[in-house]
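The values are calculated or read from the model by the stated rules, or taken from the named source; none is laboratory data. Predicted model only: the values in this text are computed from it and were never measured. We place every Cβ from the backbone using ideal geometry, glycine too, and count neighbours over all the protein chains shown.
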Amino acid sequence: MKNIVVLVSGGGTNLQALIDAEKSGEIVNGKITCVVSSNDKAYALERARRNGIGTRVIKRKDFQCQRDYDNALVTLLQEEKADLIVLAGFMTILGDGVIKAFENRIINIHPSLIPSFCGEGFYGLRVHEKALERGIKLTGATAHFVNEICDGGPIIMQKAVAVENGDTPEILQIRVMEQAEWKILPQSVSLFCQDKLRVENGKVIIL
Ligand code: GAR
């Protein structure tokens, strides 16, 4: 059984999707053992507590430099015996120290079809604002492994979602979550926990 540590910063609806998937047996061979937040007020922490999952808080601003933060986070993740780390709306950039320590063991969910609307500055609602500004007709979500390039790691799964007339960023965000994020994130996590994801030449092969 693999230990899944979920990193959050906000509302935690993707965390909830993972908790629900674990309860219904959709996550095979994996268990959420800890939720780590960058923000002690995150509602995601409440979701964890209600489900009997241990919580920890670590804030970037409590460390003088990226290296100190990275070292502290790696220590925390090792203490929690993390096999898989999931970034579920985690808004702090991870430094190379963390990424190297957990190579191809960190999964992020991003609310667009990468490589569109991703990279630095593209997070949360802003992604949907930019997508609507551009007038795209199809958007979606991407689950990917994290490497040193922001939103540039190997893609595990993607799911497309239609943009509809009259969409606001908020309406589109919810549709992308419901139709894509909350589905492909638990599926990707389950595949990882069953050792069904192999990374070759920067690409993911689902076995
Ligand atoms: C989600 O839409 C997630 O894809 C996005 O933030 C939201 C968090 O919601 N993540 C990013 O933009 C990362 N670049 P949640 O806290 O309800 O899961």
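For the reader, a short list of remarks on this structure follows.
- Within region 95-207, helices (runs of 4 or more DSSP H) holding 3 or more residues that are touching an Asp or Glu at 6+ places or on another chain (Cβ under 6 Å): 96-101
- Failed criterion for V35 (all others in (1) within 13 Å of the ligand (Cβ to nearest atom); (2) not in a strand (DSSP E or B) hold): (2)
- Exactly one residue out of R134, R56 is touching a strand residue (DSSP E or B) at 6+ places or on another chain (Cβ under 6 Å), more than 16 Å from the ligand (Cβ to nearest atom) and modelled with pLDDT of 95 or more: that is R56.
- Scan of region 143-168 for residues that are of a type outside the set (V, I, T) and within 11 Å of the ligand (Cβ to nearest atom), ordered by number: A143, H144, C150, D151
- There is no residue in region 138-153 that is surrounded by fewer than 16 Cβ atoms within 10 Å (Cβ to Cβ), of a type in the set (D, E, K, R), touching a helix residue (DSSP H, G or I) at 6+ places or on another chain (Cβ under 9 Å) and farther than 22 Å from L77 by Cβ.
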